[in-house]
Amino acid sequence: MRDITVQKQAEARTEKMLMRQRGISRLQQSLLAPAPLEDKLRKVTDAIVRLFDRRFLPHLVDRARRLCDRGCPHAEVREGPDVCRRRDRCLHLATSSGRYTHIDGPAHRRIPFGCHNIGRLASGEEAKFLTNDVPNDPRVHDHAWARELGLISFAGYSCERRGKKRWAFWPCSPNIRSSPMKMRC
């Protein structure tokens, strides 16, 4: 009797890769249709969550500050790591897919440059943020939220391409990533 476990595992990996490729092709076709930018961003983040088994994926965009004087909780902080140091620009949560979909929460609707892990990546203060223990990592400021969503690992990178600062976030994962991820800017 022959053990075909390895063959079955290889077939499962191949099927998963083909499923992802078909999903990406459908996504590419859907993005060709005219639609508002927010709708297209939502399609992309939804597809990444679905195709790559992620808990959630936020997409933040760099925008001019317009809400500092209209109830932004970060504008009121006067000391500590969450002080808003730039009043001209901040990150705005444009879309979020997966288990965390609302984009109007008071704490994360806007993230000042330099605040939280995301803001430090965007400002260039940190080049990367990697953890395989989101619920207990001291750099994560809301452990209860991470546990509620079942987050285990997270990776975010700040990089530069053609002299322009770019940053990318790998979506939060329900499992530990044991091998390094390759990021392209």
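List of remarks:
- Annotation note: Cβ proximity below 6 Å between a residue of segment 124-147 that is under 19 Å from TYR100 (Cβ atoms) and without any contact (Cβ under 8 Å) to a residue 60 or more places away in the chain and a residue that is buried (at least 18 other Cβ atoms within 10 Å of the Cβ) and of a type in the set (Phe, Trp, Tyr) (sequence gap 6+ or interchain) occurs for THR131/PHE154; VAL134/PHE154.
- From the options SER96, SER30, residue that is within 21 Å of SER158 (Cα to Cα), surrounded by 11 or more Cβ atoms within 10 Å (Cβ to Cβ) and hydroxyl-bearing (Ser, Thr, Tyr): SER96
- Here segment 1-46 is the region considered, the condition is being among the basic types (Lys, Arg) and within 26 Å of ALA94 (Cβ to Cβ), and the residue that is farthest from the chain's Cα centre (by Cα) is ARG26.
- Residue that is touching an Asp or Glu at 6+ places or on another chain (Cβ under 9 Å), modelled with pLDDT under 75 and not in a helix (DSSP H, G or I), where the choices are ALA94, ALA107: ALA107
- Residue match in segment 53-70 (condition: under 30 Å from PRO135 (Cβ atoms), surrounded by fewer than 17 Cβ atoms within 10 Å (Cβ to Cβ) and out of contact with any strand residue (DSSP E or B) (no Cβ under 9 Å at 6 or more places or on another chain)): no
- Of all residues making up segment 46-79, the number that are modelled with pLDDT under 75, part of a loop (DSSP other than H, G, I, E, B) and over 27 Å from LEU149 (Cα atoms): 6
- Filter result for ASP82 (at pLDDT below 90, part of a loop (DSSP other than H, G, I, E, B) and surrounded by 13 or more Cβ atoms within 10 Å (Cβ to Cβ)): yes
The values are calculated or read from the model by the stated rules, or taken from the named source; none is laboratory data. Just so it is clear, the structure is predicted and the values come from calculations on it, not from any experiment. Don't worry about glycine lacking a Cβ; one is built from the backbone with ideal geometry, like all the others, and counts go over all protein chains shown.
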